[in-house]
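Asks: Pasting a structure below so you can have a look.
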Amino acid sequence: MTSSSEGAINDEEVFEINDFTVVTALESFIVGIEATVYSWGLGKGSCSGNRFSLNRNVIASCKWDSKCAKLVFGDNNALNLAYFWPRNLNRLDDERDSQDAPSSTTTDGDYLTSAAKLLLATELDFCPGSIISSQFGVLEFLLLTPFDWSSDKVVNENQLQTILSAVNVALCTTECELPVFVQYGDVDRQLYFGVCQNHSVRTHFESVHLRRLQPAHSHLSGLLEMFTDKVNCELIDTNAVRVSIQVDYKLKESLDVIPHFSSTYAQMNQTSTPNELFIGNTPRLPFGAASDILDVFYLHTMWPNMRQETVNENDVYSDLDPLTAPFWTASASFQEGSPCLMNLSLKTLLDTANGMEGKLHLSGILGVAADGEALSAQAALSSLVQPRSISITNPAGVVVEESTAIPASEMSRWINAIFTEGERHEEASTVSVSKRTIEHISFPGEVVKEKSPIPPKTPESEEPDDLKRVRKKYTILLEHSKASPFNSLASRIATALAYILCHHEAGTNAFAQLWSAIVKELRKRWENGDSLPGMETDTVPDLSMSLLQQKLQMLQSCINARARQHQMLDQKGSFSDASLFSNDDFYDAKEWLSEEDSDADASDRASDKLTDKSEKVSSKTAQPKGRLASLAPLCLLNEPDVTMYEPITQERCPMTEDMLERHVDTLSSLGSAEARAKVHLDSLLSDMQSFKAANPGCVFEDFVRWHSPRDYVVDETTGKGSLSSRMSGENNAWMETWSEAMPIPVVLQKRLFNETKEAETVLQEFNRVTVADLVHLILPVVLNCAAMQLVDECKPIVSLIGEKLEEACEKVSRYSRSQHPEDCLDALRELLIIESTIAKYNSLWTRFIAADDSLEGSEVALSQLTAFVRSLVLLSKRDPQENALSGGNSGNVRSVPVDGGADGPLGMAIRKLFATDVRLRDDESSFLKQRISEGKKAIAGRSMTDQRMPPFHRRQYVFHWLGSRRGSAPRATPHRMYASLSRKEARLCVALTDDIVFH
């Protein structure tokens, strides 16, 4: 018992000991703030914070730099401390006199913080780019935001006051005079609270965000009353309060008007002819935004830095007429990610090639045999085979055309447009294109648009020199791509196929049908001996071009070879004329064959017979044959008096890129060097036979002197020559071939270039391609044409996208050589950025010209409009950091000044544009849609004094006052209040400065 009672007494004497040396979570947070401030050099001794040379124009384009650090707050939370400062404003040095700064930022004493002095700077009213600067009038500050918005955001008053208390302690310890803000609530509310202090004054920053204010406080008079109450000074002189006002207007267009400003390319296959794809020097793809890309257009009217008594606005009357505002600015935002037609066309090509449809043979899609040889044999014998049976309903055996994706009449127009040469095509296109389209032929996207006003492009002859240099630079870059010449047959074929696949309702069926018709037209031209458009008589495959261009060049080479044979046959007569052997003209063995016997084997047999006859004739007469030109002063070694002649040789078989690859693979598969050397002996044997026929009595050394001069070495002392070691070695293939060669002129030799075989090879390859094969065949050409089209379209805004355009051209050129999918995707991304930028420009330009067509009559107004729209597009681009700092819809966007205000040419156009706002339309004004669709004046029929503006979108007020908050405080301090009133929200932000020194 006794022991138990003693234990109870000991338990009562035990008590908890609090160790006050343990650092709490709040103290750790304060230490984290202090350490970060010191590491950034913002502590004691740093006096340059918020000391900048202020200029309204510079501030309008101000950009912020930042750096951040993570701070642990509590046990499981963290905050992000960021330091923001303007990077393009000039700081004021400590030695500079205060008169260098604007007068609105100076006070009588130096007891204020630099941030407090800025509260009176009217240059910062409605500052764009930073919502903190717009609401509180500071430029350089620290901002605490949640590190993770899902778990770390500040959502109650206790957390907010705790953080602000920690900030106060840290500012006092570090003597940092920069304002520190804490973001409160959800990110979309844009609520900020903060503090800024030194040893003399402390400025509190507070915000209020409501659905709406009381009607009594929803105008200038009510807000002024609220400001005086918040300042809490009975002796305040309201006449000393300065106020700046900005009223924003948002254009709201009717749904039946918006489609007018959208591109009409989606209906291209129904409203335009195929010829219109090929107007100009470059085949054109559908271009521009698929729908209206403009999201919002704002007009900002401003009354800056006015005395309060000069403006009257209350619940029954307002002086804030936008037409009397001294300053007008405008801004625009666009729908990011809006699809563009050119990019959709190119992506459709890639998606089709990579999908299941890409594996289909085009001949299989059309339901015909995929075997090109079988198809050709059937076609060749179709005229000789009679019908197996006679139809009762069709006894005459008339072929009835089956229903196809593209009707025969339309297909005929496509083929005529593709195979029409450039000069004749431009003349033919004037028949189907309206006069208005011809007038705007050089306008962006005006290939199919007939009524939409599009930004005019300066003719090339009138272009400035710098624009000519830029255009020439990009053109040269694209001309060196591995594609095809602009406005060539390959470019027209590729563009037509791309358009049909992407925009025809039948898709791959129409794609296959058009390709089949193109191949048929190529075969027809080959069989009839008609040259391909744009090809020369000496055309050979150019390996620096795309494979499609090389194939077409190969076909043209075959056509040229056949044409030369037929021409010689017409000029020289038949083979029986013995006089043909007495001159030195060139006659290919093909000319001795009849036109009906054009098979390659028959030609070879005929050549063998002619060779035998030539050998007999040569042995009897030994007359020179097949001479091209004299090689004087060179003479035969064994007959010094006889001049050596250059023989006429056979043309080699030209090769495309894939033929060379197969040839290399064949050589690689051969085991020995001798075997690989024998592959090239056919052409060498032909040259030796021609040389012997042209130079009777010649020796091997003579041939080497002509064919390979480096292998004939002449001794400088004796003047005698001898063969090189390469030519004089044992088992020399050249010497063996020379011993086998007979003096046979080229006219009697077996052909090296069988044009019939090569032409049929090209056509059969075209017949056997799959969808993916054809897409990859035309894709380099289509991309090159697309890039060149952008070069033509971007002339008005080349200063905006010059670097991007150069990068896009380089990536298109890189893909044309590498054929790598990643390079193609890179090129598509760059082309999309440029196309989207041009579409933004065109969208705004179209609206202004449609609203006020008088702008086109004045070069000055047109120049102002071009610069104005270009600036709107430029300022619409924002980087992610700026979007986060700007505050979204709650902040102020960068705007472009309207020269001349409401009464200038741009101002008049904006007034007429806003007159088309749907909120101003009367029920009986049904003529408005027709007026806009015709591009006429939007407010025709109204007098200039009767023009109205739609209801405001938002009104913003900024109040400035310098004075003492309490009567007992002798020193004046600056105060500021910002108010933003719209129909969806009301926002109040105040910055009140207290004198904390006891007097």
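Asks: Quick one: in the stretch 489-536, of everything that is part of a helix (DSSP H, G or I) and charged (D, E, K, R), which residue is surrounded by the most Cβ atoms within 10 Å (Cβ to Cβ)?
Replies: Arg492
Asks: Based on this model, can you work out whether Val167 counts as assigned to a helix (DSSP H, G or I) and under 27 Å from Gly963 (Cα atoms)? First the steps, then the outcome.
Replies: Working: assigned to a helix (DSSP H, G or I): yes; under 27 Å from Gly963 (Cα atoms): yes.
For Val167, the condition - assigned to a helix (DSSP H, G or I) and under 27 Å from Gly963 (Cα atoms) - is met.
Asks: So, one more: Tally time: how many residues in the stretch 286-330 are in a helix (DSSP H, G or I), within 18 Å of Thr238 (Cβ to Cβ) and in contact (Cβ under 8 Å) with a residue 24 or more places away in the chain?
Replies: 2
Asks: Sticking with this one: Among the residues of the stretch 831-884 satisfying the criterion of being hydroxyl-bearing (Ser, Thr, Tyr) and surrounded by fewer than 19 Cβ atoms within 10 Å (Cβ to Cβ), which is nearest to Val896 (Cα to Cα)?
Replies: Ser871
Asks: Here is a follow-up. Within the stretch 22-39, track down each residue that is surrounded by fewer than 14 Cβ atoms within 10 Å (Cβ to Cβ) and of a type in the set (A, V, I, L, M).
Replies: Correct list: Val22, Val23, Ala25.
Condition check ((1) among the aliphatic types (A, V, I, L, M); (2) touching a residue at least 40 places away in the same chain (Cβ under 8 Å); (3) within 22 Å of Ala629 (Cβ to Cβ); (4) not assigned by TED's automatic domain parsing to the domain that holds Ser557) across all residues:
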{"residue": "Cys653", "(1), (2), (3), (4)": "no, yes, no, yes"}
{"residue": "Ser668", "(1), (2), (3), (4)": "no, no, no, yes"}
{"residue": "Ala693", "(1), (2), (3), (4)": "yes, yes, yes, yes"}
{"residue": "Pro696", "(1), (2), (3), (4)": "no, yes, yes, yes"}
{"residue": "Arg705", "(1), (2), (3), (4)": "no, yes, yes, yes"}
{"residue": "Arg726", "(1), (2), (3), (4)": "no, no, no, yes"}
{"residue": "Ser739", "(1), (2), (3), (4)": "no, no, no, yes"}
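Asks: Quick test for you: out of Ser345, Ser363, pick the one residue that is at pLDDT below 85, crowded, with 17+ Cβ neighbours inside 10 Å and in a helix (DSSP H, G or I).
Replies: Ser363
Asks: Tell me, which residue of the stretch 152-179 that is within 50 Å of the chain's Cα centre (by Cα), of a type in the set (Asp, Glu) and surrounded by 15 or more Cβ atoms within 10 Å (Cβ to Cβ) is farthest from Asn76 (Cα to Cα)?
Replies: Glu177
Asks: Residues being more than 14 Å from the chain's Cα centre (by Cα), within 15 Å of Leu478 (Cβ to Cβ) and not hydroxyl-bearing (Ser, Thr, Tyr): count how many of those fall in the stretch 787-822.
Replies: Number satisfying all stated conditions: 2.
Asks: Related question: Identify, please: which residue in the stretch 880-936 is of a type in the set (Val, Ile, Thr) and part of a helix (DSSP H, G or I) and is, among those, modelled with the highest pLDDT?
Replies: Taking the candidates together, the pick is Ile910.
Asks: Now, a different point. Which one of these is within 14 Å of Cys233 (Cα to Cα), part of a strand (DSSP E or B) and at pLDDT 90 or above: Leu981, Leu988, Leu992? Steps first, please.
Replies: Working: Leu981 fails: within 14 Å of Cys233 (Cα to Cα); Leu988 fails: within 14 Å of Cys233 (Cα to Cα).
One residue alone meets the criteria, Leu992.
Asks: Here's something else I'd like to know. Considering Val771, Val762, Val746, which residue is outside the structural domain of Gly358 (by TED's automatic domain parsing) and in contact (Cβ under 8 Å) with a residue 24 or more places away in the chain?
Replies: After ruling out the rest, the residue left standing is Val746.
Asks: Scan (1) exposed (fewer than 15 other Cβ atoms within 10 Å of the Cβ); (2) in contact with a Cys (Cβ under 8 Å, 6 or more places away or on another chain) for the single condition Glu740 breaks and write down its number.
Replies: Condition not satisfied by Glu740: (2).
Asks: Checking Val812 against (1) within 30 Å of Glu657 (Cα to Cα); (2) surrounded by fewer than 18 Cβ atoms within 10 Å (Cβ to Cβ); (3) touching a residue at least 60 places away in the same chain (Cβ under 8 Å): exactly one of these is not met. Which one?
Replies: (2)
Asks: Tally time: how many residues in the stretch 638-650 are part of a loop (DSSP other than H, G, I, E, B) and crowded, with 17+ Cβ neighbours inside 10 Å?
Replies: Of the residues in that region, 3 qualify.
Asks: Being β-branched (Val, Ile, Thr), within 22 Å of Ala325 (Cβ to Cβ) and in a loop (DSSP other than H, G, I, E, B) is the filter here; which residues of the stretch 227-251 pass it?
Replies: Scanning the stretch 227-251 gives a single hit, Val241.
Asks: Identify the residue in the stretch 288-312 that is out of contact with any strand residue (DSSP E or B) (no Cβ under 8 Å at 6 or more places or on another chain) and not assigned by TED's automatic domain parsing to the domain that holds Ala498 and, among all such residues, is farthest from Ala867 (Cα to Cα).
Replies: Top of the filtered list is Glu309.
Asks: Here's another thing I want to ask about it. Cβ-Cβ under 6 Å, sequence separation 6+ or interchain: first residue in the stretch 70-93 and under 11 Å from Asp152 (Cα atoms) and in contact (Cβ under 8 Å) with a residue 60 or more places away in the chain, partner among the polar types (S, T, N, Q) and assigned to a strand (DSSP E or B). Which pairs?
Replies: Asn80/Thr145
Asks: Determine whether Phe205 is modelled with pLDDT of 95 or more and assigned by TED's automatic domain parsing to the domain that holds Gly129.
Replies: Numbers: modelled with pLDDT of 95 or more: yes; assigned by TED's automatic domain parsing to the domain that holds Gly129: yes.
Answer is yes for this residue.
Asks: Confirm whether Asn354 is at pLDDT 90 or above and surrounded by fewer than 15 Cβ atoms within 10 Å (Cβ to Cβ).
Replies: Values: at pLDDT 90 or above: yes; surrounded by fewer than 15 Cβ atoms within 10 Å (Cβ to Cβ): yes.
The answer is yes for Asn354.
The values are calculated or read from the model by the stated rules, or taken from the named source; none is laboratory data. None of these values were measured; they are calculated from a predicted model. Positions of Cβ are generated from backbone atoms using ideal geometry, with glycine treated the same way; all protein chains shown enter the neighbour counts.
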